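As structure tokens, the structure follows; a few thoughts come after it.
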Amino acid sequence: MLTRIDHIGIACLDLDTTVEFYRTTYGFEVYHSEINEEQGVREAMLRINGTDDGGATWIQLLEPIRDDSPVAKWLAKNGEGVHHIAFGTADVDGEAESIRGKGVRVLYDQPRRGSMDSRITFLHPKDCHGVLTELVTSAPNETAAE
Ligand code: CMX
Ligand code: CO
């Protein structure tokens, strides 16, 4: 089961400037930041609210660290904006298999490491009405943290 909107991924040209915009405009603070080499991003997670499945909903701000990364390619084509949506689940492996069985392209054979040691995979946007869609299972100790 997919039980929450885990995060909205937003591609930006400059992470620090964008973080500052979210802080001064909305009052959202950075809960966590990291570099994910494999995904080719520097990112900041802003915790928006807890969810009734024990998880949380986040804004994920993404700045590319390499010109050949998916986010860099997307920014070059579209400029800044909403890059993907992520649904949370307790079972990313099972959900990915089930959705693959419905004929939607799942981009990874096995889930990979995402923000805060979550496990993530992606569904091809062309199979999802134009929306790059991520599935995520949070690390056990992270989801409900205040
Ligand atoms: N949302 C909607 N459509 C998208 C898209 C996005 N984010 N990215 C690409 N597309 C569309 C393109 O517009 C293009 O459509 P047209 O053929 O109609 O022009 C088509 O998909 C192919 O796009 P492309 O620019 O040629 O890009 P690629 O095929 O090389 O890559 C994708 C697309 C989805 C396979 C790649 O972006 C990917 O592997 N994404 C998953 C990984 C990722 O995004 N990581 C960053 C986030 C990390 C995190 O969340 O933790
Ligand atoms: Co994401």
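What ranking of 19, 104, 136 emerges when the number of other C-beta atoms within 10 Å of each C-beta is taken as an exposure proxy, fewest first?
Working: 19 19, 104 15, 136 26.
By the 10 Å Cβ count, ascending, the order reads 104, 19, 136.
Largest first, please: the extent of the C-alpha atoms of the chain along each principal axis, to the nearest Å.
43, 36, 26
Give the distance, in whole Å, between the Cα centre of the stretch 1-19 and the Cα centre of the stretch 45-83.
Comparing the Cα centres of the stretch 1-19 and the stretch 45-83, I get a distance of 3 Å.
For residue 56, which sequence-distant residues (separation of 5 or more, or a different chain) have an amide H within less than 5 Å of its own amide H, given hydrogens modelled in the peptide plane?
When sequence neighbours closer than 5 places are left aside, the close amide H contacts are 51.
Taking the beta-carbon count within 10 Å as an exposure proxy, list 83, 129, 7 from fewest neighbours to most. Write out the running numbers ahead of the final one.
On the way: 83 22, 129 7, 7 26.
Ascending Cβ contact count within 10 Å gives the list 129, 83, 7.
Give me 74, 58 sorted ascending by neighbouring Cβ count inside 10 Å, so fewest comes first. Walk me through the intermediate numbers first.
Working: 74 18, 58 26.
In order of increasing Cβ crowding within 10 Å: 74, 58.
Show me, for the stretch 97-111, the HN-Hα J-couplings you get by feeding each phi into the Karplus relation (A = 6.51, B = -1.76, C = 1.60, θ = phi - 60°), rounded to Hz, glycine and proline as x.
Karplus-based 3J(HN,Hα) across the stretch 97-111 equals 5, 4, 6, 4, x, 8, x, 8, 5, 9, 6, 10, 5, 10, x Hz.
Please list, or write none, the lysines whose alpha carbon is within less than 27 Å of the alpha carbon of residue 102, excluding same-chain residues fewer than 8 places away.
Candidates past the 8-residue exclusion: 126.
List the residues, sorted by chain then number, that are 5 or more residues from residue 114 or on another chain and whose placed amide H is less than 5 Å from its amide H.
For residue 114, whose amide H was placed from the backbone, the distant partners under 5 Å are 119, 120.
All of the numbers you see were taken from the coordinates with simple rules; none came from a lab. Every value quoted in this text rests on a predicted model; they were computed, and no experiment measured them. Please note: Cβ atoms are built from the backbone with ideal geometry, for glycine as well, and neighbour counts cover all protein chains shown.
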